[in-house]
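The structure appears right after this line, and notes come after that.
Quick note: the coordinates plus some simple rules give every number you see, no bench work behind them. Being a predicted model, the structure only gives us computed values, none of them experimental. We place every Cβ from the backbone using ideal geometry, glycine too, and count neighbours over all the protein chains shown.
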Amino acid sequence: MHQPKIIIFKNLPFPPSENAAYRNVPGRGRVKAQVLKDFYKELEVWEMRNRAFLKAVREYVKHLKAIQLDMSLGVHRSRIYCKDGSVKRFDASNRIKAAHDGLAMLIEKDDAYVFSGYFEKKELPDTAIERVTMVLREFTPRAFLDDQCGQLTGNEALFSNTI
C-alpha cells in the first residue's frame, strides 16, 4: 500500500465569513460582496508567488477521487477570547466555504472532491497577520480505517448510543 502524499499550503489569506461574503441586490439576487472579491485578489497574489509549487500540486490532485482537507485558522487572540478569558462568539466554521472555494481555484479541482477534513482556531498574538494553513491529502474512508484498526465496541467511548 502506498503512503499518501501530504501537501501543506502555508500563509493563505484569511477567508471572509460566509455571512459577509455575499449580499442580496434587488433584481440581481445574491452577489459577491467586496470582502469576498478582495479575498480572491489576495489568493491571486498568493498563486503568483507559488506558481511552481501549484503546478506540481495540480498534477498530483488531478488523479485524486477524494480529498481530505484540514484547515488551521490563525486568529487574533482578541477575536477568540474576551479580556476575562471567556470565549467570544467567533464562528470559525463560517469561513470554511470561502477557504475551500479559494483552494479549489488554486489547485484547479472542484471542492466537491473534499470528502473529509477538520478545522481549528489557532490563537495568534494580535500583532500577527491572520493567515490560514491547509493540509491536503488523499482521502481514506473511515470504513477502511476501521477494517485496519478493528471496530470500536462502544466500550472505548465515553458515551455511545445503543441503536
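Any residue that is in contact with a Lys or Arg (Cβ under 6 Å, 6 or more places away or on another chain) and closer than 13 Å to LYS97 by Cβ - is there at least one of those in the stretch 19-40?
Yes, the stretch 19-40 contains a residue that is in contact with a Lys or Arg (Cβ under 6 Å, 6 or more places away or on another chain) and closer than 13 Å to LYS97 by Cβ.
Somewhere in the stretch 8-25, is a residue out of contact with any Leu (no Cβ under 6 Å at 6 or more places or on another chain), surrounded by fewer than 16 Cβ atoms within 10 Å (Cβ to Cβ), free of Cβ contacts under 8 Å to residues at least 12 places away in the same chain and not aliphatic (A, V, I, L, M)?
Yes, the stretch 8-25 contains at least one residue that is out of contact with any Leu (no Cβ under 6 Å at 6 or more places or on another chain), surrounded by fewer than 16 Cβ atoms within 10 Å (Cβ to Cβ), free of Cβ contacts under 8 Å to residues at least 12 places away in the same chain and not aliphatic (A, V, I, L, M).
Of the conditions (1) surrounded by 13 or more Cβ atoms within 10 Å (Cβ to Cβ); (2) out of contact with any Pro (no Cβ under 9 Å at 6 or more places or on another chain); (3) β-branched (Val, Ile, Thr), VAL87 satisfies every one except a single condition; which number is it?
(1)
Name every residue in the stretch 1-51 that is among the aliphatic types (A, V, I, L, M) and out of contact with any helix residue (DSSP H, G or I) (no Cβ under 8 Å at 6 or more places or on another chain), in order of residue number.
Taking the stretch 1-51 as the starting set, the residues that turn out to be among the aliphatic types (A, V, I, L, M) are 1, 6-8, 12, 20-21, 25, 31, 33, 35-36, 43, 45, 48.
Matches in the stretch 1-51: MET1, ILE6, ILE8, VAL25, VAL31, VAL45, MET48.
How many of the residues making up the stretch 91-110 are surrounded by 17 or more Cβ atoms within 10 Å (Cβ to Cβ), touching a residue at least 12 places away in the same chain (Cβ under 8 Å) and not aliphatic (A, V, I, L, M)?
Residues meeting the conditions: 4.
In this structure, does ALA20 turn out to be assigned to a helix (DSSP H, G or I), closer than 18 Å to GLU130 by Cα and within 18 Å of the chain's Cα centre (by Cα)? Walk me through how you get there before you give the answer.
On the way: assigned to a helix (DSSP H, G or I): yes; closer than 18 Å to GLU130 by Cα: yes; within 18 Å of the chain's Cα centre (by Cα): yes.
Against the criterion (assigned to a helix (DSSP H, G or I), closer than 18 Å to GLU130 by Cα and within 18 Å of the chain's Cα centre (by Cα)), ALA20 qualifies.
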